[in-house]
1. On the basis of being more than 31 Å from the chain's Cα centre (by Cα), closer than 30 Å to residue 131 by Cα and assigned by TED's automatic domain parsing to the domain that holds residue 119, does residue 10 make the cut?
2. Hey, any hits in region 52-63 for a residue that's touching a strand residue (DSSP E or B) at 6+ places or on another chain (Cβ under 9 Å), under 22 Å from residue 80 (Cβ atoms) and modelled with pLDDT under 90?
3. Kindly state which helices (runs of 4 or more DSSP H) lie completely within region 422-515 and contain at least 2 residues that are in contact with a helix residue (DSSP H, G or I) (Cβ under 8 Å, 6 or more places away or on another chain) and more than 24 Å from residue 389 (Cα to Cα).
4. Does residue 332 meet the test of being buried (at least 18 other Cβ atoms within 10 Å of the Cβ), touching a strand residue (DSSP E or B) at 6+ places or on another chain (Cβ under 7 Å), touching a residue at least 24 places away in the same chain (Cβ under 8 Å) and assigned by TED's automatic domain parsing to the domain that holds residue 446?
5. Of the residues in region 362-382, how many are in contact with a strand residue (DSSP E or B) (Cβ under 8 Å, 6 or more places away or on another chain) and either buried (at least 22 other Cβ atoms within 10 Å of the Cβ) or at pLDDT 95 or above (or both)?
6. Please enumerate the residues belonging to region 156-171 that are under 24 Å from the mean Cα position of the chain (by Cα) and buried (at least 21 other Cβ atoms within 10 Å of the Cβ).
7. Tally the residues that are more than 16 Å from residue 133 (Cβ to Cβ) and surrounded by fewer than 15 Cβ atoms within 10 Å (Cβ to Cβ), restricting the search to region 64-84.
8. Might you check whether a residue that is at pLDDT 95 or above and under 30 Å from residue 397 (Cβ atoms) occurs anywhere in region 216-225?
């Protein structure tokens, strides 16, 4: 196979030759620091709109990555960057580029089609990909400067102008590697509330943010200048009401939010938003300067540095955005799940359920997080020493602020009461009454037997997940209240071999210093496979019967194989089984 360096040998000259052979006029070419540039004239027969000047840049990764094609004299409303005039000849994904086309082939195949689509009336473009072209993506923003909005309400039916309240956390402008994360708290028009941030987002800011007041306006069209000051001036022209200055990170600032119509998806229009923070620069003091003795004093003119304008990108953070990429999980917002066990396998599962959008999670564990747990646990070092259930509750809200979460730090199976009035089984019954599904990730067989029996009593589905020693494999079992078999039946089937045991690796347990008992060995990435499968089973069961919901695979038990009999790693493989009633099960 040829290396990239070998593929690029003599590349520029070859590309020029191909272009000329294809009927393009090459007016110049150059190469510097790995980049090659070719100046091309495409005739009317190639464009359909007359002769067109093109600047083609071959990046250092060419031909494995596509070239950049700029039409500096063209100004199309679609399929062209309005500021740097790049032509959109391909969809964004590099899978649409075939390096064997070369520049000449790309222009022959795509140029005329792109120009026809770009000059057509809105909605009548030919040969268009199924994607929107939001104007806001073309602006150049200050790195790390973002303002959160909920597009479910801010993108629909808002017009005019008014007052705006912002929360701001972080420096302006943010140094490299840091961020300013703002939030539009509210918008008013003529005193009437037209937008208010979801409480879940405002709660994230606690008592930390600077509260700022500014102005917002929706323009008839986007500002076609890639300049924060030009955008500010256009907003001020449409909304002459002055903004109120505020102090943040030692700087005197003013804020404006600017909306404008843009395409969000092909055939679906909405409102694009950007935010400009104007930084007022301090005026220098007027000074007097005296010449030599006998000379006249001369007054120097007051000096003022130009104000700075910082463009911040809008980030959509509403509940809809949290599920938009996984529409099969939409119905989870109304579901409640009890997770017993927030150790390695349970914490990763909890993270999956939070990301999927489960509306409410009740978490129980009796242990505190040790730094050594983090090789497999979903928590972070900042949670070391915190109860695992509480640490995971914080983690859940970090991932999905719209989730509701309760954390409980108490044991199951210990010979004591939860409090003076209730036993642990009383507590479990109370929890099971208010949730839709129970998960047992305790890795304790006695607890499995207890919680599965209580779940059947409560008429709630129950899911157990565990890993075998050394994580040679794993098990996920779902028992429905109306199922033919129960967890005890599953155990009998494993004893008799009708459902196999997952492979185990004969590796000695280890007991870290300071720990009360030994623990199993194995990697977090192997263990995560069990948690992910359990999440699939849980989500499928919760959404059973929901139109368009995540589907179930139809099995009651799932056995994972990661190692063969000799302990050698194998590609992960799951087998599914039905749990029938076992004749020896005394529970029936």
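1. no
2. No: region 52-63 contains no residue that is touching a strand residue (DSSP E or B) at 6+ places or on another chain (Cβ under 9 Å), under 22 Å from residue 80 (Cβ atoms) and modelled with pLDDT under 90.
3. Output list reads 487-496.
4. Considered against the rule, which asks whether it is buried (at least 18 other Cβ atoms within 10 Å of the Cβ), touching a strand residue (DSSP E or B) at 6+ places or on another chain (Cβ under 7 Å), touching a residue at least 24 places away in the same chain (Cβ under 8 Å) and assigned by TED's automatic domain parsing to the domain that holds residue 446, residue 332 comes out as no.
5. Number satisfying all stated conditions: 5.
6. Residues of region 156-171 that are under 24 Å from the mean Cα position of the chain (by Cα), as a first pass: 156, 166-171.
Correct list: 166, 167, 168.
7. Residues flagged as more than 16 Å from residue 133 (Cβ to Cβ) and surrounded by fewer than 15 Cβ atoms within 10 Å (Cβ to Cβ) within region 64-84 amount to 4.
8. Yes: one or more hits.
The values are calculated or read from the model by the stated rules, or taken from the named source; none is laboratory data. What you see is a predicted model; the values in this text were computed from it and never measured. Neighbour counts are summed over all protein chains in view; Cβ atoms, including those assigned to glycine, are modelled from backbone coordinates with ideal geometry.
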